[in-house]
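The values are calculated or read from the model by the stated rules, or taken from the named source; none is laboratory data. Please read these numbers as outputs of a predicted model, since none were measured by experiment. Neighbour counts run over all protein chains shown; Cβ positions are idealised from the backbone, glycine included. Quick note on the areas: whole protein, heavy atoms, side chains included, nothing else; ligands and nucleic acids left out. Shrake-Rupley method; radii C 1.70, N 1.55, O 1.52, S 1.80 Å.
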Amino acid sequence: MTLLRRIGGFSVRSCRSFSGCAPEQTATWVRSTFVEFFRQKYGHLLVPSSPVRPRLDPSLLFVNAGMNQFKPILLGTVDPRSKMASYRRVVNSQKCVRAGGKHNDLEDVGRDVYHHTFFEMLGNWSFGDYFKEEACSMAWSLLTEHYGIPASRLYVSYFAGDAASGLPADEETRHVWLDIGVPPSRLLAFGLKDNFWEMGDSGPCGPCTEIHYDHVGGRDAAALVNANDPDLVEIWNLVFMQYNREVNGSLRLLPQFSVDTGMGLERLVRVLQGKRSNYDTDLFTPLLHAIQQRSKVGPYRGSMGTADAGRVDMAYRVVADHIRTLTVCIADGVYPGMSGAELVLRRILRRAVRFCNEVLQTPPGTLASLVPTVCHILGNVYPELHQESNTIINIINENELHFLSSLQQGSRVIHRTLSKKDYKHGVFPAAVAWSLHRDLGFPLDLVDLMLEERGVRVDHQELNILITENNKVRGRLQSCDESKLTLDVATLAELQRLRVPHTDDSLKYQYHLEGDTYVFPQCHATVLALYDGQTLVAEVPEGRRCSVILDQTCFYTEQGGQSHDHGYFTKNELPDMPYTVETVIQVGGYVVHQVTATDHLKTGDQVQLHLDKIHRLACMVKHTGTHILNFALRNVLGPTVQQRGSHVSADRLRFDFSVMASLSVCELQRVDKQVSDIISANHSIYSQEIPLRMARNIQGLRTVDEVYPDPVRVVSVAVPVSDLLVGQPDRQTSVELCCGTHLLQTGAIRDLLIISEQQIVRGMSRIIAVTGQEAIRAREAGQLLLQEVDSLAARLTSSASSSLNAAQHLAEQVGVVSDAATSAQSLLEKNGSKDLQVDSVNTDSLSILMKTVNHLSTAAPHSHVMLLAHQKHSGKVLCACQVPKSSTFLSASDWATAVCGHLGGSAGGSVLVAKGTGSSSDISEAVKWAEEFALAKIKPSQG
């Protein structure tokens, strides 16, 4: 029977499917009812779901909980100018992915009927507003009165306390539930593992209370709560954030208490539709039907374990789950790739393809053909799925085609290994499994799955050794930066209690041109606060690393893809004692300068800031160049091109964008021409702060997925922002929301050259570009290479009647030029134009090595370059180097002789160019030794 209720002006329809009637609540209705309950009845603000690609949070592979986008509020780091800073009561449905990282449900998907890699998290939040009593009352009212869930089916857990942590039992929450009417027999206490929620090793945390639902009913199921019983499941978790976990593990009360709740939509729909499986709800049944239409097996029966003959039903569940994840992730700009979240998505795609191909016996292309069904189910609430559907289909099809080829090869390798006479029955060699993973891109869990079906397992002890060794090598290749002294939530609250004003950083934009010279303002400031990594202090002794907050600054903080400014400050009474600024970050409205005190430093000190103007100007050039490049790419490739990330530093710019294939030579030339024309025109660049609502009405505005402050800064090329606000300009131009620092005229870029463009994953390309003198030198190097190629081509043409030996010699020369150019481009992309470049390359030819060094030195004429090549089969090491003509402290011959002597070999050459050979089993050690030798020569001369 259908009940109509109107409570507080809020109309709710509820069907008691629990008593046997046909369920009427669609997933769409369940979702909208949740949102409208909190909006209309309790005044919550609806905040759209953030993309599953985390915003500026390297600790996460994917957004995996509703609270992720609100972490800046919980941590106290939210920009006070942003709309988020005003949030008090919030509600939404958040797209979440739990696959990889701390929360990883990938292995469970398909084996049961309630785990998913993608799911929706319904949630309501209070940031310093209501707390335990209101949160529990709202939750109970929604579930029992509005959704009509019988209270007799519900159990509630709360935090029992933890003596070791000094945490008392959450008696306050217990009494709230008793007052609501929950029987004591259904109110159960649990410890830290089940009922104390933590964001991470440190940060906001607190006790939680969970509401559990019994699918069976008519029994006392208290003993099954938190016992992993599929018929008694947690449906809603209410977290009360009242503590902060310090770095040392201790707890202290937060200055502002918050509520963070999360309820899985899929589980709730399962309850309200009276189903025993999430896959039997209308969130999945259209997908299961679509899969069955394309398969050669029977329909989905919902069986599990030994009852699931041939794992057919497991395959149905895996494919239905995975296509939802793939569709949502790709729409949000996460594409299958080779590292991080992209690698996880690649594993998900390949797992789905294999189940389609080998178990469900569907034709190629089936996976992508399911995308429209996902869009039909979810597209009304997440419109980006419809907008990106063609891109999603193309990316899935391309990845599937590539994997099917690898899958056949991998199956042959497994079969061949198991057929060998020396095969040890039951245990698969770890080295072969690792080879499948490393060389063919097989996820290790997929190898396990394929072997499990044959009654075989991998030697995981040996495999873990291989993985550990691989991680050690990768760790040696990655440099480790010193940790940043970031202010925690308690320290930020203390700053506000002390009424320390937010930093005025408006001076970073107040520069002007005098002729062709940029003039940056002087900045005198007062030290308002000092932070030593644990607490605010009044004074910092000499040699101590600390964070400094000033009343004003001219330094740019690291944000919006642009590197922070470099420079130093001096105290007024010690003008010759520089305090080098190591990092500049913005936290909760404060600009934090991280320094190592060269002398004692105390609050109240008067300082003068000294900006590294050359570094700042180089960043300005690259940032303006990035905007122009973005504009040119969209003009050449069309409006479907979307920015997916960028980074601007003093020596180069990186720009990631969505595109189905690498650019052709013709397209690159057209982009280059458009960029060059804008630079040559020396257009003026305008910027203006305006309200966000006004900015969104500007025609052709480029935005990326970020939370913008309000007002926002609009940067426009050639057309004043005021003109853009009154109507559509006569011509298209680059106009973006951007907090970065920019040139005032485009001509200062001088030149911009793309030195690398490649697809980093299917559907996403990365451009590396240089500007100014580096671009001019790179063009000159390209011209020299072109002349060499033309010369070789002419010789090949004229030697048509020459001997076979001559033709082979010319072909070898062509190969040398081609290989050297490729290696040089990769190294230039990796190292830029640093003063010292020591690296290893993969070649067996000393000619190619010498040529690569020459190309690299031509492109970066001030660099001291040494390249080593390791012949792994023999242990032989090839060495080549070149130094600038101006180098007086390090000659090429001395450098090569020293390095090759260290490697037990010999070398020879001139002051500028040298080569040699040696032997080593560890090329990374040889590279390090060569670099240290050069640095020992360079540093004394620079001192």
Answer label for Cα extents along the principal axes in Å (calculated), chosen among (1) 91, 74, 61; (2) 92, 81, 63; (3) 119, 102, 56: (2)
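Which value, to two decimals, describes the C-alpha radius of gyration of the stretch 301-352 once divided by 2.2 N^0.38 Å?
The reported ratio for this selection is 1.34.
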What list of ³J(HN,Hα) values in whole Hz, one per residue of the stretch 761-774 in order, does the Karplus curve 6.51 cos²θ - 1.76 cosθ + 1.60 (θ = phi - 60°) give from phi, with Gly and Pro shown as x? 9, 5, x, 9, 10, 10, 10, 10, 9, 10, 10, x, 5, 4
Reach of Lys928 by Cα under 12 Å, taken over aspartates and glutamates that are not fewer than 8 positions away in the same chain: Asp839
Can you give the Kirkwood hydrodynamic radius for the stretch 283-417, in Å, rounded to one decimal and based on Cα pairs? 15.2 Å
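Would you mind computing Rg(Cα) / (2.2 N^0.38 Å) for the stretch 697-764, counting N as its residues?
Normalised by 2.2 N^0.38 Å, the Cα Rg of the stretch 697-764 equals 1.37.
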Starting from 0.36 nm per residue, how many nanometres of slack lie between Glu358 and Leu192 once their C-alpha separation is accounted for? 55.4 nm
Sorted peptide list for 576-586, 548-558, criterion being average Cβ within 10 angstrom, highest first: 548-558, 576-586
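Taking only the Cα atoms of the stretch 244-329, how large is their convex hull per residue, in Å³?
192 Å³
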Over the chain: helical MRE at 222 nm, DSSP H runs n ≥ 4 each giving -39500 (n - 2.57), nearest 500: -11500 deg cm²/dmol
Would you mind pulling out the separation of the Cα centroids of the stretch 234-269 and the stretch 159-173, in Å? 14 Å
Once amide hydrogens are built 1.01 Å from N within the peptide plane, the residues lying 5 or more places from Asp599 or on another chain with amide H under 5 Å from its amide H are Gly543
Simple spin-label model, 7 Å along Cα-to-Cβ: Ser185 to Ala309 in nm? 4.4 nm
Which one of Gly533, Ser152, Phe190 has its Cα pushed farthest toward the positive end of the charge dipole of the chain, where Lys and Arg give +1 and Asp and Glu give -1 at the Cβ? Ser152
Once each part is reduced to its C-alpha centroid, what is the distance from the stretch 283-358 to the stretch 373-408 in angstrom? 12 Å
Dipole of the chain (Lys/Arg Cβ +1, Asp/Glu Cβ -1, origin at the Cα centre): which of His402, Tyr511, Ala597 lies farthest to the positive side? His402
Sites Leu692 and Glu246, calculated FRET efficiency, Cβ-Cβ separation with R0 25 Å, nearest 0.05: 0.10
Under the classification rounded if a/c is under 1.5, otherwise prolate if a/b is larger than b/c and oblate if not, where does the stretch 424-468 fall, given a ≥ b ≥ c as square roots of the Cα gyration tensor eigenvalues? oblate
P(r) for the stretch 204-270, please, calculated from all Cα pair distances in 10 Å bins and given in %. 19, 36, 25, 17, 2
Just want to confirm a number: the relative contact order over the chain, from Cα pairs under 8 angstrom separated by 6+ residues, in percent. 7 percent
Which whole-angstrom value gives the distance between the alpha carbon centres of the stretch 665-695 and the stretch 484-549? 33 Å
Hey, what's the Cα Rg ratio for the stretch 550-658 versus the globular rule of thumb, 2.2 N^0.38 Å? 1.36
Over 27 Å (Cα to Cα) among Lys508/Lys602; Lys915/Lys937; Lys885/Lys937; Lys872/Lys915; Lys71/Lys602 -> Lys71/Lys602
Förster radius 22 Å - calculated FRET efficiency between Ser277 and Asp445, Cβ distance, rounded to 0.05: 0.40
Based on the Kirkwood radius over alpha-carbon pairs, what is the Stokes-Einstein translational diffusion coefficient of the stretch 503-604 at 37 °C with 0.692 mPa s viscosity, in µm²/s? 230 µm²/s
What dipole magnitude, in Debye to the nearest 20, does the chain give about its Cα centre under +1 on Lys/Arg Cβ and -1 on Asp/Glu Cβ? 1960 debye
Roughly what percent of Cα-Cα pairs across the stretch 617-779 reach past 19 Å? 53 percent
So what is log10(I(q)/I(0)) for the stretch 553-615 at q = 0.19, 0.20, 0.23 1/Å, when the Debye sum runs over its Cα atoms only? -0.72, -0.79, -1.00
Take every DSSP beta bridge with both residues inside the stretch 834-938 and express the antiparallel ones as a percent of the total, to the nearest 5. 75 percent
Nothing charged except the Cβ atoms of Lys and Arg (+1) and of Asp and Glu (-1): what's the magnitude of the dipole of the stretch 283-417 about its Cα centre? Round to the nearest 20 debye. 580 debye
Would you mind getting the accessible area per residue of the chain, heavy atoms of the protein chains only, 1.4 Å probe, in Å²? 44 Å²
Report the FRET efficiency, 1/(1 + (r/R0)^6), for Thr26 and Ser756, where r is their Cβ-Cβ distance and R0 is 45 Å, rounded to 0.05. 0.35
For the chain, find the longest principal axis of its Cα atoms and tell me its angle to the long axis of helix 892-902, 0 to 90°, nearest 10. 60 degrees
Cα gyration tensor category, rounded, prolate or oblate, for the stretch 27-282 with a/c compared to 1.5: rounded
Determine Rg/Rh for the stretch 29-141; Rg is computed over alpha-carbon atoms and Rh is the Kirkwood hydrodynamic estimate from the same atoms. 0.99
Which of Ala934, Ala65, Tyr556 sits farthest toward the positive end of the charge dipole of the chain, with +1 on the Cβ of Lys and Arg and -1 on the Cβ of Asp and Glu? Ala65
Give me the distance in nm between label points sitting 7 Å out from Cα along the Cα-to-Cβ direction at Glu107 and Lys296, one decimal. 3.3 nm
Of all DSSP beta bridges with both partners in the chain, the antiparallel percent, nearest 5, is 90 percent
So, with +1 on the Cβ of K and R and -1 on the Cβ of D and E, and no other charges, what is the size of the charge dipole of the stretch 455-604 about its Cα centre, to the nearest 20 debye? 440 debye
